[in-house]
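One structure below.
The values are calculated or read from the model by the stated rules, or taken from the named source; none is laboratory data. The structure displayed is predicted, hence computed values, not measured ones. Here the Cβ positions follow ideal geometry from the backbone for every residue, glycine too, while neighbour counts run over all protein chains shown. With ligands, DNA and RNA removed, areas are computed over all heavy atoms of the protein, side chains included. Shrake-Rupley method; radii C 1.70, N 1.55, O 1.52, S 1.80 Å.
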Amino acid sequence: MSTNPKLQAWVEDMRAMCRPERVVWCDGSAAEYQEMLRLMVHAGTALWLDEKKRPGSVFVRSDPADVARVEEFTFICSKSRDEAGPTNNWRDPEETRVMMRGLYDGAMQGRAMYVIPYSMGPIGSSISRIGVELTDSPYVVASMHVMARVGSPVLKALGSSDDFVRGVHSVGAPLSSATVPDSPWPCNASSKFITHFPDTREIWSYGSGYGGNALLGKKCHALRIASVQARDEGWLAEHMLILKLTDPKGQVAYVAGAFPSACGKTNLAMLNPTLPGWKVQTIGDDIAWMKFGADGRLYAINPEAGFFGVAPGTSMKSNPNAMATIARGTVFTNCALTRDGDVWWEEMSEAPAALTDWLRRPWTPQSGRKAAHPNARFCVPASQCPVIAPEWEDPNGVPISAILFGGRRANTVPLVNEALSWQHGTFLGSIMSSETTAAAAGTVGALRHDPMAMLPFCGYHMGDYFAHWLKLGAGADASKLPRIFHVNWFRKDANGKFLWPGYGENSRVLKWVFERVHGTAAAVDTPIGRLPAPGALDLSGLQVPEGAVEELLRVDLDLWTQELPAIKTHFDKFGAKMPQGLRDELASLEQRLASANATA
Ligand code: SAT
Ligand code: MN
């Protein structure tokens, strides 16, 4: 229980509205985490996995109507529609409050309301921020224990300050009487709203218990609300992994990378380099908060304390470090269950002869459907990762030397391309597009512009967001800014086969990035940016078909020229807020393509 009067008054207000059976102040202890797991098992939400196979781990299956983020029902409730911009769903804040109060009215009846004080970032770091989430879901409490620093130490750090993000979350499934049986995954099938009030730093979420809809510290706070704070205070809140790269001589560079959800950020952050002597260690796999230090460099912290990673595709081949991380003490959601009490998912290993799929049905390899949901997840403390960097909780953060922007593109975008400047790099981030994945409800595989991988996560007008990037760059010492690169691991050949093996082989690209930063690798100028000069990309021992690397590094002038109208339409969406600097970059690209076409 807190003695902070502002916090107490708000909790009391929300209690009166949601009318839970009781209020539980979370202390963040290990015993509390175990209690949440026991509650989930008792309610049928979770079951214990075999203690020998997966010690201390539970397996959860959600309602099939609640398996991913719901972008359609996610709203930015800034004062005006214009502040939210064309890429966000906007609702009037006052009307939304009234509507949400109506939904919350008695929504927690028969349930406990948990008060979770949390810190995004190490407690005490000047870059960290505090929030308090109220929730009626033990799954959310357990997951927040893993994903953030929670409980009494956070209350102590908050003291009597009013500076915390207020988050309310209800699954929207009140229990009218004590005799009504609860559903194993309570949620509201007909109504889901994930609403953000950037002006008052509030998050009100209703109806979903899943992932980014419900663990409010993650996307809602650390990206949507934090991006607004970052704009106001002159820093960056980004959808980026952070990794530490060490060369054979022991020199270090820290690299941040923005990729859309389910495009391999976790794999890249934990990569085992195939190049001898190189080492990758993990700082974070999803979110980076970056601030300029007194020395003029950009420093990043990982605001999270755990990984909420996509399970399908994770294997000893694709990510042995993730497999080791989740060997114990993990919450699994929507995977398949083996006969001997372990989890399984597509590509983890050869499919077992018989399983129970994520929908609790018998499954065999002949079933002709997926056993795990494509957005099945593991939720695990970062400290369990065998390659976590010792400095991952450094309150000062780590100095970033390079930023990667990457999406899932079958063509056009080469394996790697270095920006000519910060402004050009911002341009490359702004025109990023990617094929959609199962991380969000809706179509999978459709190409959409996803600037800086922030399309679902930027809490304000994206034109202003681009301007913020340009302003930070213009105000910095250019020689100390991170270099920016556009990468694409997903380019395909004419037969639809991936040209690049990816995973550990991505270390070859990281090496070139490292050497560009240190001024030791050669590049060639192309109309779209700087690509590795012949021989500059280390291909020793790489097994790829004849011509694959040439194709991966080919700048297809026709495809790029064809892309221009779509970029223009994309930019036009932002109207007068589209910064001139990026329009200039587009004009320069067009010019460079035209003169290259003329001489080709
Ligand atoms: O569901 S989450 O938003 O937490 C994961 C993701 O989409 O990146
Ligand atoms: Mn993400």
Taking the condition farther than 21 Å from GLU515 by Cα, away from ligand 1 (no atom under 16 Å from the Cβ) and either in a loop (DSSP other than H, G, I, E, B) or of a type in the set (Lys, Arg) (or both), does THR437 pass?
no
Taking the stretch 247-278 and keeping only residues that are at positive phi and within 16 Å of ligand 2 (Cβ to nearest atom), one is left with ALA262, GLY264
Pick from the stretch 185-196, criterion in a loop (DSSP other than H, G, I, E, B) and within 16 Å of ligand 1 (Cβ to nearest atom), ranking: surrounded by the most Cβ atoms within 10 Å (Cβ to Cβ):
TRP185
Cβ-Cβ distance below 8 Å, separation of 6 or more or different chains: which pairs start in the stretch 249-267 with a residue that is within 15 Å of ALA402 (Cα to Cα) and end on one that is part of a strand (DSSP E or B) and hydroxyl-bearing (Ser, Thr, Tyr)?
VAL252/THR246; ALA253/SER401; TYR254/SER401; VAL255/SER401; PHE259/SER434
Would you tally the residues in the stretch 252-268 being open to solvent by 10 Å² or more (accessible area, probe 1.4 Å) and more than 16 Å from ligand 1 (Cβ to nearest atom)?
2
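Return the residues of the stretch 224-251 that are within 15 Å of ligand 1 (Cβ to nearest atom), among the charged types (D, E, K, R) and out of contact with any helix residue (DSSP H, G or I) (no Cβ under 8 Å at 6 or more places or on another chain); say none if nothing qualifies.
The initial filter retains those residues of the stretch 224-251 that are within 15 Å of ligand 1 (Cβ to nearest atom), namely 224-227, 237-241.
This time we only want the ones that are among the charged types (D, E, K, R), so: 224, 238.
Answer for the stretch 224-251, where residues must be within 15 Å of ligand 1 (Cβ to nearest atom), among the charged types (D, E, K, R) and out of contact with any helix residue (DSSP H, G or I) (no Cβ under 8 Å at 6 or more places or on another chain): just ARG224.
Say we look at the stretch 374-394 and pick out the residues that are open to solvent by 10 Å² or more (accessible area, probe 1.4 Å) and within 16 Å of ligand 2 (Cβ to nearest atom); which of these is nearest to GLY313 (Cα to Cα)? Give the derivation first.
Start the filter on the stretch 374-394 by keeping residues that are open to solvent by 10 Å² or more (accessible area, probe 1.4 Å), which leaves 374, 377, 381, 383-384, 386-388, 390-394.
Going one step further and asking which of them are within 16 Å of ligand 2 (Cβ to nearest atom), we end up with 374, 377.
On the way: PRO374: 9, ARG377: 11 Å.
Only one residue tops the list, namely PRO374.
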So if I check each of GLU350, GLU346, which one is free of Cβ contacts under 8 Å to residues at least 12 places away in the same chain, farther than 17 Å from LEU223 by Cα and more than 15 Å from the chain's Cα centre (by Cα)?
GLU350
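Can you spot a residue in the stretch 464-476 that is under 27 Å from ALA536 (Cβ atoms) and either touching a strand residue (DSSP E or B) at 6+ places or on another chain (Cβ under 6 Å) or part of a loop (DSSP other than H, G, I, E, B) (or both)?
So the first thing to find is which residues in the stretch 464-476 are under 27 Å from ALA536 (Cβ atoms), and the list is 473.
This time we only want the ones that are either touching a strand residue (DSSP E or B) at 6+ places or on another chain (Cβ under 6 Å) or part of a loop (DSSP other than H, G, I, E, B) (or both), so: none.
Within the stretch 464-476 (the criterion being under 27 Å from ALA536 (Cβ atoms) and either touching a strand residue (DSSP E or B) at 6+ places or on another chain (Cβ under 6 Å) or part of a loop (DSSP other than H, G, I, E, B) (or both)), the answer is no, since none of the residues qualifies.
Among ARG483, ARG448, ARG508, ARG491, which is the only one that is assigned by TED's automatic domain parsing to the domain that holds VAL252 and within 16 Å of ligand 1 (Cβ to nearest atom)?
On the way: ARG483 fails: within 16 Å of ligand 1 (Cβ to nearest atom); ARG508 fails: within 16 Å of ligand 1 (Cβ to nearest atom); ARG491 fails: within 16 Å of ligand 1 (Cβ to nearest atom).
None of the other options fit; the residue is ARG448.
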Those residues of the stretch 126-172 which are open to solvent by 20 Å² or more (accessible area, probe 1.4 Å) and aliphatic (A, V, I, L, M) amount to ILE130, LEU155, ALA157
Checked the stretch 193-235 for anything hydrophobic (A, V, I, L, M, F, W, C) and away from ligand 2 (no atom under 16 Å from the Cβ); matches are PHE193, PHE197, ILE203, TRP204, VAL228, ALA230, TRP235
Name the single residue, out of those in the stretch 502-529 being part of a loop (DSSP other than H, G, I, E, B) and on the phi > 0 side of the Ramachandran plot, that is most open to solvent (accessible area, probe 1.4 Å).
GLY519
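Condition check ((1) more than 16 Å from ligand 2 (Cβ to nearest atom); (2) within 19 Å of the chain's Cα centre (by Cα); (3) farther than 24 Å from ASN302 by Cβ; (4) of a type in the set (Lys, Arg)) across all residues:
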{"position": "ILE400", "(1), (2), (3), (4)": "yes, yes, no, no"}
{"position": "LEU404", "(1), (2), (3), (4)": "no, yes, no, no"}
{"position": "LEU415", "(1), (2), (3), (4)": "yes, no, yes, no"}
{"position": "LEU420", "(1), (2), (3), (4)": "yes, no, yes, no"}
{"position": "GLY425", "(1), (2), (3), (4)": "yes, no, no, no"}
{"position": "THR437", "(1), (2), (3), (4)": "no, yes, no, no"}
{"position": "PHE457", "(1), (2), (3), (4)": "no, yes, no, no"}
{"position": "HIS461", "(1), (2), (3), (4)": "yes, no, yes, no"}
Collect the residues in the stretch 306-348 that are buried (at least 22 other Cβ atoms within 10 Å of the Cβ), small (Gly, Ala, Ser) and away from ligand 1 (no atom under 14 Å from the Cβ), keeping them in residue-number order.
ALA322, ALA336
Name the residues in the stretch 197-246 that are closer than 23 Å to ILE484 by Cβ, open to solvent by 10 Å² or more (accessible area, probe 1.4 Å) and assigned to a loop (DSSP other than H, G, I, E, B), would you?
GLY234
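Among the residues of the stretch 269-284 satisfying the criterion of being among the aliphatic types (A, V, I, L, M) and out of contact with any Phe, Trp or Tyr (no Cβ under 6 Å at 6 or more places or on another chain), which is surrounded by the most Cβ atoms within 10 Å (Cβ to Cβ)?
So in the stretch 269-284, the residues among the aliphatic types (A, V, I, L, M) come out as 269-271, 275, 280, 283.
Next cut, out of contact with any Phe, Trp or Tyr (no Cβ under 6 Å at 6 or more places or on another chain) only: 269-271, 275, 280.
Values: ALA269: 31, MET270: 28, LEU271: 28, LEU275: 18, VAL280: 22.
By that ranking, first place goes to ALA269.
Can you report the number of residues in the stretch 349-368 which are surrounded by fewer than 22 Cβ atoms within 10 Å (Cβ to Cβ) and assigned to a loop (DSSP other than H, G, I, E, B)? Don't jump to the end; show me each part of the working.
First, pick out the residues of the stretch 349-368 that are surrounded by fewer than 22 Cβ atoms within 10 Å (Cβ to Cβ): 349-354, 356-357, 359-362, 364-368.
Right, trim to assigned to a loop (DSSP other than H, G, I, E, B) and you get 349-354, 357, 359-361, 364, 368.
Qualifying residue count, the stretch 349-368: 12.
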Please work out which residue is least open to solvent (accessible area, probe 1.4 Å), limiting yourself to the stretch 569-590 and to residues that are over 17 Å from GLN423 (Cα atoms) and in a helix (DSSP H, G or I).
HIS570
